[in-house]
Amino acid sequence: MLYIIRHGITDWNIERKLQGRTDIPLNAEGRRMAEEASIRYRDVHFDICFCSPLIRAKETAETLLKDRDVPIYTDNRLMEMSFGVLEGNIGYLSDPDSLIYPFFKDPAGYKDIPEGAESMDDLFRRTGEFLDEKIYPLLDEGQDVLIVGHGAMNSSIVCQIKHLPLKDFWSAGIENCHLMQLI
């Protein structure tokens, strides 16, 4: 089986700031969410966990799997999508003139990439490579795999696993600390 989960909440989530690769830790609520998830999903079997190296994902993985003998490996390909110079901005969901607005409202129309940001092709390339190199071989061996990541990065994995078109990029509704079984 393949499972994914998004990290717990951070202060920037609450403040509606665009996080991307900015390394923001969980806040108290995010830690509580991860603790609750560790209880809620304690009976779900995992052989191995891969997670983003960003602190919010690592802390979520460590809390979720505490007291369990599940190895956790970080992989840079699981980092959140980079939004470049726009990271830390607020109002990106309500300003149609923002360069990042199409990414959230019309992902298939996301073409004007901000300085230092990643394109959808870049995101899909690195997460697809990760799936091919790490995940599919483990699934073929019958292992149960957990990926702890981020909203956009997890959405790219969902799209690839479920063969969804780019227009449905956000359709899975990746919630914080909610486990999703993909395969």
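Has region 80-90 got at least one residue that is in a loop (DSSP other than H, G, I, E, B) and surrounded by fewer than 19 Cβ atoms within 10 Å (Cβ to Cβ)? Don't jump to the end; show me each part of the working.
First, pick out the residues of region 80-90 that are in a loop (DSSP other than H, G, I, E, B): 80-82, 87-89.
Now drop any that are not surrounded by fewer than 19 Cβ atoms within 10 Å (Cβ to Cβ), which leaves 88-89.
Within region 80-90, one or more residues are in a loop (DSSP other than H, G, I, E, B) and surrounded by fewer than 19 Cβ atoms within 10 Å (Cβ to Cβ).
Under the condition of being within 18 Å of Leu78 (Cβ to Cβ) and small (Gly, Ala, Ser), which residue from region 126-183 is modelled with the lowest pLDDT?
Step by step, filter region 126-183, then rank; the result is Ala172.
Ser119: free of Cβ contacts under 8 Å to residues at least 12 places away in the same chain, more than 19 Å from Phe46 (Cα to Cα) and out of contact with any strand residue (DSSP E or B) (no Cβ under 9 Å at 6 or more places or on another chain), yes or no?
Working: free of Cβ contacts under 8 Å to residues at least 12 places away in the same chain: yes; more than 19 Å from Phe46 (Cα to Cα): yes; out of contact with any strand residue (DSSP E or B) (no Cβ under 9 Å at 6 or more places or on another chain): yes.
The answer is yes for Ser119.
Please go through (1) buried (at least 16 other Cβ atoms within 10 Å of the Cβ); (2) under 17 Å from Cys177 (Cα atoms) for Thr74 and return the number of the only condition it doesn't satisfy.
For Thr74, the exception is condition (2).
The conditions are (1) over 15 Å from Ile4 (Cα atoms); (2) in contact (Cβ under 8 Å) with a residue 24 or more places away in the chain, and Ser98 fails exactly one of them. Which is it?
(2)
For region 164-180, give me each residue that is touching a residue at least 60 places away in the same chain (Cβ under 8 Å) and surrounded by 13 or more Cβ atoms within 10 Å (Cβ to Cβ). Walk me through it before giving the result.
Residues of region 164-180 that are touching a residue at least 60 places away in the same chain (Cβ under 8 Å), as a first pass: 167, 169-170, 174-180.
Matches in region 164-180: Phe169, Trp170, Ile174, Asn176, Cys177, His178, Leu179, Met180.
When the residues of region 14-39 are filtered to those that are in contact (Cβ under 8 Å) with a residue 40 or more places away in the chain and closer than 14 Å to Thr63 by Cβ, which remaining residue is surrounded by the most Cβ atoms within 10 Å (Cβ to Cβ)?
In the first step, residues of region 14-39 are kept if they are in contact (Cβ under 8 Å) with a residue 40 or more places away in the chain; the result is 15-22, 30, 33-34, 36-37.
Narrowing further to those that are closer than 14 Å to Thr63 by Cβ: 30, 33-34, 36-37.
On the way: Gly30: 24, Met33: 23, Ala34: 26, Glu36: 14, Ala37: 19.
Among those that are in contact (Cβ under 8 Å) with a residue 40 or more places away in the chain and closer than 14 Å to Thr63 by Cβ, it is Ala34.
Only one of (1) modelled with pLDDT under 95; (2) among the small types (Gly, Ala, Ser); (3) touching a Leu at 6+ places or on another chain (Cβ under 8 Å) fails for Ala57. Which number is that?
In the conditions (1) modelled with pLDDT under 95; (2) among the small types (Gly, Ala, Ser); (3) touching a Leu at 6+ places or on another chain (Cβ under 8 Å), Ala57 misses (1) alone.
What pairs can you find where one residue is in region 1-13 and in a strand (DSSP E or B), the other is of a type outside the set (A, V, I, L, M, F, W, C) and surrounded by 24 or more Cβ atoms within 10 Å (Cβ to Cβ), and their Cβ atoms are less than 6 Å apart, with a gap of 6+ or different chains?
Listed pairs, sorted by first residue: Ile4/Asn154; Arg6/Asn154; Thr10/Gly30; Thr10/Arg56.
Taking the conditions exactly as written (among the polar types (S, T, N, Q) and closer than 18 Å to Leu182 by Cβ), does Thr10 satisfy them or not? Talk me through it step by step, then tell me what you get.
Working: among the polar types (S, T, N, Q): yes; closer than 18 Å to Leu182 by Cβ: no.
Considered against the rule, which asks whether it is among the polar types (S, T, N, Q) and closer than 18 Å to Leu182 by Cβ, Thr10 comes out as no.
Is one or more of the residues making up region 54-69 touching a strand residue (DSSP E or B) at 6+ places or on another chain (Cβ under 8 Å), in a loop (DSSP other than H, G, I, E, B) and closer than 20 Å to Ala172 by Cβ?
First pass over region 54-69, keeping only residues touching a strand residue (DSSP E or B) at 6+ places or on another chain (Cβ under 8 Å): 55-62, 64-65.
Then drop every residue that is not in a loop (DSSP other than H, G, I, E, B), which leaves 65.
From the residues that got through so far, the ones that are closer than 20 Å to Ala172 by Cβ too are none.
No, region 54-69 contains no residue that is touching a strand residue (DSSP E or B) at 6+ places or on another chain (Cβ under 8 Å), in a loop (DSSP other than H, G, I, E, B) and closer than 20 Å to Ala172 by Cβ.
The values are calculated or read from the model by the stated rules, or taken from the named source; none is laboratory data. Model, not experiment: these values are computed from the prediction. For neighbour counting, all protein chains shown are included, and Cβ atoms are generated from backbone atoms with ideal geometry for every residue, glycine included.
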